[in-house]
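Accompanying notes for the structure given below.
Each reported figure results from applying straightforward, stated rules to the coordinates on display, with no laboratory input. What you are looking at is a predicted structure, and each value in this text was computed from that prediction instead of being measured. Cβ: placed from backbone, ideal geometry, glycine included. Neighbour counts: every protein chain shown.
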Amino acid sequence: MSSKTWKIALLLAGALLLTACGNGAEEEESVDPVAVEITRAGQGEIAETFSFSGEVAAGGEIQIVPKVSGTVSKVNVALGDTVQQGDVLVELEARELALAVQQAEAVVEMARANLNSMEAGSGLSQLQANVRQAEINFNRSGEQLERMEALYAEGGLAKQQLEGVRASFAVAQTQYELAKDQLQSHERGEGQLEILTAQLKQAEAGLELARLNYQDATITAPVGGTVTLVHTEAGNMVSPGTPVVTLINGEGTRVTALLTEQAVNHIAVGMEITVEIPTLEGRYQGEVREISPGAVSGTRSFLVKVTLVEEIEARPGMFARLILVRDSRDDAVVLPRSAILENDGSYYIYLVKDEQAVRTDVTIGLRDETHAEIEAGVTVGDKVVITGHHFLRDGVAVQVEGEQS
């Protein structure tokens, strides 16, 4: 190739290179600005909270439990019934308890008769007669108990009936031992009058207990309210500690929750607290009514009970959330949390200045669910990119297409 040809080739290559460079510069200069939406840094109140899960319980929920064991003979209420204080809720079979009252009355009568005889001076003969009669009763009761136990072993007798016979035998045995003790004490010349007086008091106390047990077979409402649960039915065996009926006494809706040992230090009885019930899509004001003095067994959590200020249609068992305020500010500079970006533990935003994005580092203070306090980097009224900021870099041209309040 001649030298002239080489020169032409070099000139063409240079022209092409200049053209390419020129086109690239024109392309770079014609890049469109990034479309963004902004918000303005505001000033207002912000509170940082933490929440704990709980559940709705009836504010005045009362579980009615029997004071004596027995078989239910009748249930007088149903779910939803309204009852007044003293209304009979459940009745237990009371034949054996009535028999125990009669037996206790007999013991009192015998003790009183013995005391009267001693005071009248006819002690010995009366005491001897008492022993003979008590022995006859004791032997009869023992024979009856043997027959009933045999019948029970064959399946021909209910356990409750057997327990009644055993109770009668125990009373007869007590009367027999009492009569023998009285006779022996009289024969020894020991302070018989004082002994008989003490035995009469003991018998009267036993009678009072038997009467109380008989009365407790009728289970009544301690307060007025509405029946929310009936736990038993006729024929069931019940015992102390086992609920038979649950009432709500209308003291308002209550929420219970377990708080950690750190959180429980932030609340006190009487304090107002926010309660959220997602099912009802609402937040309500409540008042702390109770805080357990110690942690729940096996945990490091403390039971807290909150009563709602207003009446709502919440049902026991609904999920609820207690919201506690950790700290708050009244005049903080605030931004939506969606406007704040994070990088390796540091936070930054994009301000809009002279139609350009300006990356600005910020210091975050308190935060709630939607907003954050800006302690440094932003002033009230600054234009902050809230939409499209993920595609920005410092100095990029922007076009504001909307402003969110």
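Using a Gaussian network model of the chain with C-alpha springs under 10 Å, which one of Thr256, Thr274, Thr363 is most mobile by mean-square fluctuation?
Among Thr256, Thr274, Thr363, the largest GNM mean-square fluctuation belongs to Thr363.
Near the amide H of Gly365, under 5 Å away, which other amide H atoms are found, from residues 5 or more places off or on another chain, if H is placed in the peptide plane?
Those qualifying (amide H under 5 Å, at least 5 residues apart or on another chain) are Glu373, Ile374, Glu375.
Fewest Cβ neighbours within 10 Å first, please rank His389, His231 accordingly.
His231, His389
From the phi of every residue in the stretch 38-55, what ³J(HN,Hα) in whole Hz does the Karplus formula 6.51 cos²θ - 1.76 cosθ + 1.60 yield, where θ is phi - 60° and glycine or proline is x?
For the stretch 38-55, the Karplus curve yields 10, 9, 9, 4, x, 10, x, 8, 9, 10, 9, 10, 9, 10, 9, 6, x, 8 Hz.
How many angstrom lie between the C-alpha centres of the stretch 295-344 and the stretch 198-244?
With the stretch 295-344 and the stretch 198-244 each reduced to a Cα centre, they are spaced 43 Å.
Tally Lys and Arg at +1 and Asp and Glu at -1 over the other residues with C-beta under 15 Å from the C-beta of Glu45: what net charge comes out?
Every neighbour counted, the sum reads -4.
Return the sequence-ordered ³J(HN,Hα) values of the stretch 348-354 in whole Hz as given by the Karplus equation 6.51 cos²θ - 1.76 cosθ + 1.60 applied to θ = phi - 60°, using x for Gly and Pro.
After applying 6.51 cos²θ - 1.76 cosθ + 1.60, I find 8, 9, 10, 8, 9, 9, 6 Hz.
Counting Lys and Arg as +1 and Asp and Glu as -1, what is the net charge of the other residues whose Cβ lies under 14 Å from the Cβ of Arg321?
-3
In whole angstrom, note down how far apart the Cα centers of the stretch 365-379 and the stretch 74-105 are.
64 Å
Explain nothing, just compute: Karplus ³J(HN,Hα) = 6.51 cos²θ - 1.76 cosθ + 1.60, θ = phi - 60°, for every residue of the stretch 93-110 in order, whole Hz, x for Gly and Pro.
4, 10, 4, 5, 5, 5, 5, 5, 5, 4, 5, 5, 5, 5, 4, 5, 4, 5
I'd like the antiparallel share, as a percent to the nearest 5, of DSSP beta bridges with both residues in the chain.
Taking every DSSP beta bridge with both residues in the chain, the antiparallel ones total about 95 percent.
Percent of Cα-Cα pairs more than 41 Å apart in the chain, please.
57 percent
At q = 0.09, 0.12, 0.16, 0.17 Å⁻¹, work out log10 I(q)/I(0) for the stretch 95-213 with the Debye formula, treating every Cα as an identical point scatterer and leaving solvent out; two decimals please.
Ignoring solvent entirely, the Cα scatterers give -0.28, -0.48, -0.77, -0.84.
Restricting to lysines 8 or more places apart or on different chains, can you count the pairs in the chain with Cα atoms under 22 Å from each other?
Eligible lysine pairs with Cα atoms under 22 Å apart amount to 4.
Report, by chain and number, residues whose modeled amide H sits under 5 Å from the one on Asn236, excluding near sequence neighbours (fewer than 5 apart, same chain).
Val72
Just Thr39, Thr253, Thr299 to compare: in a GNM of the chain, with alpha carbon springs under 10 Å, which one fluctuates most?
Comparing Thr39, Thr253, Thr299 in the GNM, the peak value goes to Thr299.
Between Arg315, Arg95, Arg393, where does the largest GNM mean-square fluctuation fall for the chain, given springs only between Cα atoms within less than 10 Å?
Of Arg315, Arg95, Arg393, the most mobile in the Gaussian network model is Arg393.
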